[in-house]
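> Following this message is one structure expressed as structure tokens.
The values are calculated or read from the model by the stated rules, or taken from the named source; none is laboratory data. Here the structure is a predicted model, which means the values were calculated and not measured. Methodologically, a virtual Cβ is constructed for each residue, glycine included, from the backbone with ideal geometry; neighbour enumeration extends over all protein chains shown. Ligands, DNA and RNA are excluded from the accessible area calculation, which covers all protein heavy atoms including side chains. Shrake-Rupley method; radii C 1.70, N 1.55, O 1.52, S 1.80 Å.
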Amino acid sequence: MVEKTFPGRKISGRVFADLVKERGGSLSHSYFSNILAGKVTHPSEEILRALGLGFGVDWRFFKEESEVVDDVVAGLQFLAKRRTGEISGIAARGLDDDGLPPELLQFALSLLEDTKARRSGGPGGGSGETKPDAEPKPGPEPDPEP
């Protein structure tokens, strides 16, 4: 990857670490050298993010393929349910540049499935295709009691 990203250049650990720092990340030159030497085989997500900055690719490029597939599937399921109206009223507070974490997407989808199962199996259930209630619209504040 080093040769493809920096053709014709020999990139030292220090140069790469400085590049990561310029792009807003943090990676020590010795750690990068250890990765290149094969001494580090399972870097943390933080290190993967730094590598992504240095190589100019999304950090998920360095994740195991199965992990990326799980992330993509969860995201697509979420988008599909959002589009069909099964999920609505999402407030995106406290998100980072990567959006909702896959674990949160999976959790939201599992809550949706649990709700559908309860509605279809409960009294007066039905086909299980009932959509969740729409989020209530904010109304005027009530007047304080005298």
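> I'd like the residue in segment 1-26 that is of a type in the set (Gly, Ala, Ser) and on the phi < 0 side of the Ramachandran plot and, out of all such residues, is surrounded by the most Cβ atoms within 10 Å (Cβ to Cβ).
Ala17
> Follow-up. Identify, by number, the condition in (1) open to solvent by 70 Å² or more (accessible area, probe 1.4 Å); (2) over 23 Å from Arg14 (Cα atoms) that Gly75 doesn't meet.
Gly75 satisfies every listed condition except (1).
> Still on this structure, please answer the following. Report every pair of residues separated by at least 6 positions or lying on different chains whose Cβ atoms are under 8 Å apart, first residue within segment 52-63 and farther than 17 Å from Arg9 by Cβ and at pLDDT 90 or above, second open to solvent by 30 Å² or more (accessible area, probe 1.4 Å) and outside any helix (DSSP H, G or I).
Filtered contacts from segment 52-63: Gly52/Asp58; Leu53/Arg23; Leu53/Gly24.
> Check Ile47, Ile87 and return the single one that is aliphatic (A, V, I, L, M), at pLDDT 70 or above and within 30 Å of Phe6 (Cβ to Cβ).
Of Ile47, Ile87, the one residue that is aliphatic (A, V, I, L, M), at pLDDT 70 or above and within 30 Å of Phe6 (Cβ to Cβ) is Ile47.
> How many residues are open to solvent by less than 80 Å² (accessible area, probe 1.4 Å), of a type in the set (Ser, Thr, Tyr) and assigned to a loop (DSSP other than H, G, I, E, B) if we restrict to segment 27-70?
Residues that pass the stated criteria total 2.
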